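What follows is a short report on a single structure.
What follows draws every value from the coordinates through simple rules; no lab data is involved. All of these numbers come straight from a predicted model, not from anything done at the bench. Heads up, the Cβs are rebuilt from the backbone with ideal geometry, glycines too, and the neighbour counts pull from every protein chain shown.
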Amino acid sequence: MTVAGPPRIGLLGGTFDPIHRGHLAAACAVRDALALDTVLLVVANEPWQKEGTRPITPAADRLAMVEVAAADVNRVEASRIELDRGGVTYTIDTVEQLRAERPGATFYLVVGEDVAAQLGTWHRADELARLVELVVVTRPGGSGAPSPAGWRSREVPMVPVPESSTGIRERIEAGLPIGDAVPPPVVRYIEQHGLYAGSG
């Protein structure tokens, strides 16, 4: 059940290279805990913080994987807003655009504890903090993430899912199966499109 009133929208951004069960688990945990109308999985067009660190799969392929992963997940959907805008990905630009497109909506920026600690490095972070409520996904029973200064924030505990996009890419490169880490439609997409070394 969602809460009556203006739309309540979660924003979970990422490179999603590839998307995995942990991403979906976080989206669903926040959706349910905050009774959100929807959670948008916002695919980064050009993730500026990762550029130059490793090859990035084309944005169109990363979006397609998110689309098939979210297809059967209630109130979770892929967003191509950053691909359509083009250029380098900055969350502040996305939030400003969404606020203009959906006046009256409340936006919740969903991040993990590791990302929460780095928010000060984000482009126009002070302005972003005024436009969204921060939701930090934490491990149950943990010490909790310190609330970043200047942000309205809350925590949502989630049973950790031991997956990472880096680990999944490494498993593919080593010829190991990834079916327990990635939704079946994503596995099929990776295989059909020959993504990542060794996916053949």
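Give the distance, in whole Å, between the Cα centre of region 149-200 and the Cα centre of region 10-81.
Here the two parts' Cα centres lie 11 Å apart.
Highest mean first, how do 155-164, 127-136 rank when packing is the count of other Cβ atoms within 10 Å averaged over residues?
So the peptides 155-164, 127-136, ranked by packing, come out 127-136, 155-164.
Hey, what number do you get for the chain at 222 nm if only DSSP H runs of n ≥ 4 count, each worth -39500 (n - 2.57), divided across all residues, to the nearest 500?
-10000 deg cm²/dmol
How do the peptides 178-185, 41-48 rank, highest first, by the average count of neighbouring beta carbon atoms within 10 Å per residue?
41-48, 178-185
With axes computed from alpha carbons, what is the tilt in degrees of helix 59-70 against the longest principal axis of the chain, rounded to the nearest 10 within 0 to 90?
Result, in degrees: 80.
Which one, Thr15, Gly104, Gly175, projects farthest toward the positive side of the charge dipole computed for region 8-193 from Cβ point charges (K/R +1, D/E -1)?
Result: Gly104.
Could the peptides 31-40, 98-107 be put in order, highest first, of the mean number of other beta-carbon atoms found within 10 Å of their residues?
31-40, 98-107
About its Cα centre, what dipole magnitude does the chain give when the only charges are +1 on Lys and Arg Cβ and -1 on Asp and Glu Cβ, stated in debye to the nearest 20?
300
Against the longest principal axis of the chain, how steep is helix 21-34, in degrees 0 to 90 to the nearest 10, with axes from Cα atoms?
Between the helix axis and the principal axis of the chain, the angle is about 20 degrees.
Extending each Cα 7 Å along its Cβ direction at Glu101 and Val161, get the distance between those two points in nm, one decimal.
Simple spin-label model gives 2.4 nm for this pair.
Once both axes come from the Cα atoms, what is the angle between helix 91-101 and the longest principal axis of the chain, in degrees from 0 to 90, rounded to 10?
60
Ala71 label point, 7 Å along Cα→Cβ, cut-off 20 Å on backbone N: hits in region 154-193?
Once the point is set 7 Å along Cα→Cβ of Ala71, 178-193 turn out to lie under 20 Å by backbone N, inside region 154-193.
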